[in-house]
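Here's the structure we're looking at; comments come further down.
The values are calculated or read from the model by the stated rules, or taken from the named source; none is laboratory data. Just so it is clear, the model here is predicted, and its values are computed rather than measured. In this analysis, Cβ positions are derived from the backbone assuming ideal geometry, glycine residues included, and neighbour counts consider all displayed protein chains.
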Number of protein chains: 2
Amino acid sequence: MTAVNDVSASSESTESSDSAGTSDSSGSSASSKTYLPSAVRPELRVPMRQIALTNGDSVVLYDTSGPYTDPEVRTDVRFGLPALRAPWIAERGDTAEYDGRTWQPTDDGLKSADLRNLDAVFSGGRKPVRGTEERGAVTQLAYARRGLVTAEMEYIAVREGVTAEFVRDEVARGRAVIPANVNHPEAEPMIIGRHFLTKVNANIGNSSVASSIEEEVDKMVWATRWGAATVMDLSTGRNIHTTREWILRNSPVPIGTVPIYQALEKVNGKAEDLTWEVFRDTVIEQCEQGVDYMTIHAGVLLRYVPLTANRKTGIVSRGGSIMAAWCLAHHEENFLYTNFRELTQILARYDVTYSLGDGLRPGSIYDANDAAQFAELTTLGELSKIARELGVQVMIEGPGHVPMHKIKENVELQMELCDEAPFYTLGPLTTDIAPGYDHITSAIGAAMIGWYGTAMLCYVTPKEHLGLPNRDDVKQGLIAYKIAAHASDLAKGHEGAQRWDDALSDARFEFRWEDQFNLALDPDTARAYHDETLPAAPAKTAHFCSMCGPHFCSMQISRNIAEQYGDQMAATDDGEIKAGMDAKSAEFLASGAQVYLPLAD
Amino acid sequence: MTAVNDVSASSESTESSDSAGTSDSSGSSASSKTYLPSAVRPELRVPMRQIALTNGDSVVLYDTSGPYTDPEVRTDVRFGLPALRAPWIAERGDTAEYDGRTWQPTDDGLKSADLRNLDAVFSGGRKPVRGTEERGAVTQLAYARRGLVTAEMEYIAVREGVTAEFVRDEVARGRAVIPANVNHPEAEPMIIGRHFLTKVNANIGNSSVASSIEEEVDKMVWATRWGAATVMDLSTGRNIHTTREWILRNSPVPIGTVPIYQALEKVNGKAEDLTWEVFRDTVIEQCEQGVDYMTIHAGVLLRYVPLTANRKTGIVSRGGSIMAAWCLAHHEENFLYTNFRELTQILARYDVTYSLGDGLRPGSIYDANDAAQFAELTTLGELSKIARELGVQVMIEGPGHVPMHKIKENVELQMELCDEAPFYTLGPLTTDIAPGYDHITSAIGAAMIGWYGTAMLCYVTPKEHLGLPNRDDVKQGLIAYKIAAHASDLAKGHEGAQRWDDALSDARFEFRWEDQFNLALDPDTARAYHDETLPAAPAKTAHFCSMCGPHFCSMQISRNIAEQYGDQMAATDDGEIKAGMDAKSAEFLASGAQVYLPLAD
């Protein structure tokens, strides 16, 4: 596990292979980790990123990057992150340790235990915990309904700048979820709901063609560095169990999975050999490891499959196609649907959040908003009611590929059918003609669907439809989606989001270039682009850039106008303006009336 | 002018310096120039790009790249492009050659004629033409109103796949414009209107800090290669006149300018020294050269300037800030406004289209949709009526920086106040926090505003706010904006746009990788991304890619389902399905029931 150790040994190691050539923004002295206190729970330290400005102000931003970007914290991937939430879970007194399920060779896709590379096994594991039988669901939903403000809720309240009671209420109503498996105490609590900051998820995961365990852990850390609020581990090759353990023990953000992928591996890829028992065992395996939310394709019903027959691109959800194949092979109803109550009772004991998968989502513009897609959504609505009835948090996954004019209908229907459960959408891509740029085709749809009410956006990288994303693809996907999420927040009127924009606009108008760079989503790229044509230090305070040059900087002209005509610019009466202008005009002309700085050459 | 000759000598030369490492898509044998005929005017040859698919079909796409991508045509930048429209202009018999204005040193920012580099002067120039006094406006608008279907309209009808009468009617109503100066006969006719394909404009132009004539001509050719339907030359340094001549004589697309930039150079950058006479002379200079549309900031009225006083970012339009400075220095009304009728009468004689500039557009999210912006829009509405009254085509420029929820209001107001004159918007950027990625922040806004009704989108490159774009920035900006424009067209229900998406979706579902690449907006990047992990030739027909690998390709599983269950997938009755499935289930199981291809390793 040398490579994994390398990742942990120093957060700087993640920079060396950045193909974009940028260095970590946390390396800038202007950006630093800060912790906000909680008045209610003094022991809480809620991590934020603070940007110090050259004018003495500072801006505090949401931070997903965990202890890795705190120079005061020594992280070591071999031991995992501190179990931040362990005392909170323990103090609630409704869970207990137990001897978990025994590891099996098939968990890692191996034929026998002899083949296991023991050096690769994470050695700092704890015994799993789960809710004790008599206490029912140990979920944030159950607590919220009972009126309990948990430490997680308090932490989130500070993180989001709202009251803890608001957090509790949104969770109790099912309009927000806090993915927080009791076996993933390392994660920093976060919330997904449309009345909070719009979140971004990054998918990582090997495919059998490329990638390795080390790369996956590294990608997780890298993704959180660029703003991933949750990470889905979609690995499908060998060593799934072992890879996941490393990721969970080192992840400061909730981890999601699609358990059917691993279940399929256990039956050697034969969909018809899947059984409820194999699936249930896989879910328990993942619950014990600490997976925070699981995509479950329980809405792919037998009778819906023929509705996809006339599509351009059939079924494009991997889980959806697996379940459709199973249903047809057995001519039976989807076992995830028929066993949904039992599955829900399992998740309730670990506080695993449902992410009800849209297995019949459209895979092309042509297929958007069709009968198959909306039939499944109706079923997801039914299932979300059962989940909540049993105390399990639930969010709903959404498309996919949707032209702009059909996006809003998706959100409206989802809210209505699923009683406002948080919507978690992939994109959507607004056109299919730009493979290689689907982070952009989908950022357009993501921004819009976020504005309409989606709570979390699953990112898309430039490699979508073409290959497995590398480091820079992950970064490019995240930047595009952070833009989409933030644009959504602005459009929804989020005050904190507006403050960030305002701070950057002020810096721009006042030619505080360093502040513009430091406030940027990607400070290194902003700085590098500026310096490409104006690398000299004086340019960092110059009242122009190379885009327009010193003669034509409208901002400078505009500033000169304000300086010259400050008093009558403030006047609102036309007569007043006229009078003031006669005087000011003479003054301006006398001063040389230059509307821009003299050109040096 | 060696470098310029290099550009012309071979279109391949533009590839060598492509920092993205992609080669020209026209180099692919699958993509070729084709010409559509016109039944009405047999002499017309309307250029399109034809993509040959491996299944024998082909897709024909709009093509902006001009003769440069036709291997049958020999272009030479020293002589310019053929004067395609000259016979059409002549046959109308309402224009005449005349001895144009004499070149003056100040046209090129020189102190005396001795300083002119005669080697740099374009030598193949024609005498200018203009409308004869007695015939009135020689504009496409005037012709359309008289019921005349011009050759330009017929050409556009073929290019857009609509009837010529529809083109004429939209132009007559002022809902579309055909920028086509009688002195730019080299340009291939195109139309800007919301009932046609959404167009993209690329800005080029040196600033005094960087760039050269050669680079500007090269950028123009490069921009049209990636889909720029018009190009604005925003040069502001020395040699403006000479640079523009080279660009116009070699441009297959309409060229726009902002004449106030050059006028300001002529008065040594002192805004208060600007006069109507200097400006009028500059406009005539540019009319004679062949500029097709001009940005005129005639809506920046004296009384509106104080409305910008409480903004975060003041006046961010260069032209707007210049005119505001002039108004304040003279405490007089904007001379572009007070002389608007005379200006219009000049443009009418050359068929120059107005692009009424939004000098008070917002430069930050905070300033969007404010009183200054909408006051100016009201005035642009008044001016557009005068323009049309005098037979001059007009479009209206729009913002800028606008959060998503305020975009629609811009379009609705513009349509109402300007009587549906085509809207031509810059972005808008939907957030300011991502310098370095403003092609993405603004592609989101551009796609939406295009859907709402904007006819042409002015691109934004990744260097916006930071520096002058290089070749790859121009390409990245154009790709992002072609995505936005196409997503708009899809959302507006454009049938041709949908066919392009459908062709790509079909290719994707049928694993025709080469067709996917060739149909992509940027075939080279799509191919390169795919080949990064799967370079071998067999992968080009494989039923998977490295993103999911062979085990988990949902499309392949979906295809297998369709093959196995084709007949009852088509059935709609549940009973029927059930019956068919019993038989099919046995068959599927007998065949091994593999839902994916066997893994090679």
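For A:Ala324, the conditions (1) under 29 Å from the mean Cα position of the chain (by Cα); (2) touching a residue at least 40 places away in the same chain (Cβ under 8 Å); (3) crowded, with 21+ Cβ neighbours inside 10 Å all hold with the exception of (2). Quick check on A:Gly453: is it over 19 Å from A:Ala228 (Cβ atoms) and in contact with a Cys (Cβ under 7 Å, 6 or more places away or on another chain)? Against the criterion (over 19 Å from A:Ala228 (Cβ atoms) and in contact with a Cys (Cβ under 7 Å, 6 or more places away or on another chain)), A:Gly453 does not qualify. Residues in the range A:428-459 that are part of a loop (DSSP other than H, G, I, E, B) and aromatic (Phe, Trp, Tyr): A:Tyr437, A:Tyr459.
Yes/no matrix, rows are residues, columns are (1) among the acidic types (Asp, Glu); (2) farther than 19 Å from B:Leu248 by Cα; (3) out of contact with any Asp or Glu (no Cβ under 7 Å at 6 or more places or on another chain):
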| position | (1), (2), (3) |
| --- | --- |
| B:Ala39 | no, yes, yes |
| B:Asn55 | no, yes, yes |
| B:Val60 | no, yes, yes |
| B:Asp63 | yes, no, yes |
| B:Pro67 | no, no, yes |
| B:Glu72 | yes, yes, yes |
| B:Thr75 | no, no, yes |
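Among the candidates A:Ala202, A:Ala157, A:Ala223, which residue alone is more than 22 Å from A:Gly493 (Cβ to Cβ) and not in a strand (DSSP E or B)? Exactly one residue qualifies, and that residue is A:Ala223. The lone criterion from (1) surrounded by 24 or more Cβ atoms within 10 Å (Cβ to Cβ); (2) modelled with pLDDT of 95 or more; (3) not in a loop (DSSP other than H, G, I, E, B) left unmet by A:Val291 is number (3).
Entry remark, the range A:509-518: residues being more than 7 Å from chain B (Cβ to nearest Cβ) and either part of a helix (DSSP H, G or I) or within 28 Å of the chain's Cα centre (by Cα) (or both) number 5 in total. Count of the range A:386-413 residues, restricted to those that are surrounded by fewer than 24 Cβ atoms within 10 Å (Cβ to Cβ) and within 18 Å of A:Phe335 (Cα to Cα), is 1. Comparison of B:Leu519, B:Leu466, B:Leu478, B:Leu534 shows that the only residue that is in contact (Cβ under 8 Å) with a residue 24 or more places away in the chain, in contact with a Cys (Cβ under 7 Å, 6 or more places away or on another chain) and either crowded, with 24+ Cβ neighbours inside 10 Å or under 25 Å from A:Gly467 (Cβ atoms) (or both) is B:Leu466. B:Arg126 - would you say it is within 24 Å of B:Met220 (Cβ to Cβ) and either of a type in the set (A, V, I, L, M) or not in a loop (DSSP other than H, G, I, E, B) (or both)? Considered against the rule, which asks whether it is within 24 Å of B:Met220 (Cβ to Cβ) and either of a type in the set (A, V, I, L, M) or not in a loop (DSSP other than H, G, I, E, B) (or both), B:Arg126 comes out as no.
Of all residues in the range B:175-199, those satisfying the criterion of being under 19 Å from the mean Cα position of the chain (by Cα), in a loop (DSSP other than H, G, I, E, B), away from chain A (no Cβ under 14 Å) and not charged (D, E, K, R) are B:Ile178, B:Pro179, B:Ala180, B:Asn181, B:His184, B:Pro185, B:Ala187, B:Pro189, B:Met190, B:Ile191, B:His195, B:Phe196.
Matching residues to (1) within 30 Å of B:Ile396 (Cβ to Cβ); (2) at the interface with chain A (Cβ under 8 Å from one of its Cβ atoms); (3) in contact with a Phe, Trp or Tyr (Cβ under 7 Å, 6 or more places away or on another chain):
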| position | (1), (2), (3) |
| --- | --- |
| B:Glu464 | yes, yes, no |
| B:Gln476 | yes, no, no |
| B:Ala485 | yes, no, no |
| B:Leu490 | yes, yes, no |
| B:Ala507 | no, no, no |
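In the range B:80-109, of all residues being among the hydrophobic types (A, V, I, L, M, F, W, C) and touching a residue at least 60 places away in the same chain (Cβ under 8 Å), the one that is nearest to B:Asp218 (Cα to Cα) corresponds to B:Leu81. Would you mind stating whether A:Leu343 is in a loop (DSSP other than H, G, I, E, B), surrounded by 20 or more Cβ atoms within 10 Å (Cβ to Cβ), more than 10 Å from chain B (Cβ to nearest Cβ) and in contact (Cβ under 8 Å) with a residue 24 or more places away in the chain? For A:Leu343, the condition - in a loop (DSSP other than H, G, I, E, B), surrounded by 20 or more Cβ atoms within 10 Å (Cβ to Cβ), more than 10 Å from chain B (Cβ to nearest Cβ) and in contact (Cβ under 8 Å) with a residue 24 or more places away in the chain - is not met. Of everything in the range A:294-322, what is touching a Ser or Thr at 6+ places or on another chain (Cβ under 9 Å) and not in a loop (DSSP other than H, G, I, E, B)? Give them in sequence order. Matches in the range A:294-322: A:Met294, A:Thr295, A:Ile296, A:Tyr304, A:Pro306, A:Leu307, A:Thr308, A:Arg318, A:Gly319, A:Gly320, A:Ser321, A:Ile322.
Selection of the range B:460-508 for residues being among the charged types (D, E, K, R), part of a helix (DSSP H, G or I) and closer than 15 Å to B:Ile204 by Cα yields B:Arg471, B:Asp472, B:Asp473, B:Lys475.
Say whether the condition of being free of Cβ contacts under 8 Å to residues at least 12 places away in the same chain and surrounded by fewer than 24 Cβ atoms within 10 Å (Cβ to Cβ) is met by at least one residue in the range B:272-286. Yes, some residue in the range B:272-286 is free of Cβ contacts under 8 Å to residues at least 12 places away in the same chain and surrounded by fewer than 24 Cβ atoms within 10 Å (Cβ to Cβ). Please specify each residue of the range A:235-262 satisfying the condition of being assigned to a loop (DSSP other than H, G, I, E, B) and either more than 14 Å from chain B (Cβ to nearest Cβ) or modelled with pLDDT under 95 (or both). Correct list: A:Ser235, A:Thr236, A:Gly237, A:Arg238, A:Asn239, A:Ser251, A:Pro252, A:Val253, A:Pro254. Reported count of residues in the range A:433-457, each being in contact (Cβ under 8 Å) with a residue 12 or more places away in the chain and either β-branched (Val, Ile, Thr) or touching a strand residue (DSSP E or B) at 6+ places or on another chain (Cβ under 8 Å) (or both), is 14. Is the range B:286-299 home to any residue that is touching a strand residue (DSSP E or B) at 6+ places or on another chain (Cβ under 7 Å), more than 11 Å from chain A (Cβ to nearest Cβ) and of a type in the set (Asp, Glu)? Within the range B:286-299 (the criterion being touching a strand residue (DSSP E or B) at 6+ places or on another chain (Cβ under 7 Å), more than 11 Å from chain A (Cβ to nearest Cβ) and of a type in the set (Asp, Glu)), the answer is yes, since at least one residue qualifies. Going through A:Glu214, A:Glu186 one at a time, which residue ends up being surrounded by fewer than 23 Cβ atoms within 10 Å (Cβ to Cβ), of a type in the set (D, E, K, R) and in contact with a helix residue (DSSP H, G or I) (Cβ under 6 Å, 6 or more places away or on another chain)? Among A:Glu214, A:Glu186, only A:Glu214 is surrounded by fewer than 23 Cβ atoms within 10 Å (Cβ to Cβ), of a type in the set (D, E, K, R) and in contact with a helix residue (DSSP H, G or I) (Cβ under 6 Å, 6 or more places away or on another chain).
Being closer than 20 Å to A:Gly477 by Cα and at pLDDT below 80, is that true of even one residue in the range A:214-230? Yes, there is a match, as at least one residue in the range A:214-230 is closer than 20 Å to A:Gly477 by Cα and at pLDDT below 80.
Among the residues making up the range A:379-417, those that are hydrophobic (A, V, I, L, M, F, W, C) and either within 13 Å of chain B (Cβ to nearest Cβ) or touching a residue at least 60 places away in the same chain (Cβ under 8 Å) (or both) are A:Leu380, A:Leu383, A:Leu390, A:Val392, A:Val394, A:Met395, A:Val402, A:Met404, A:Ile407.
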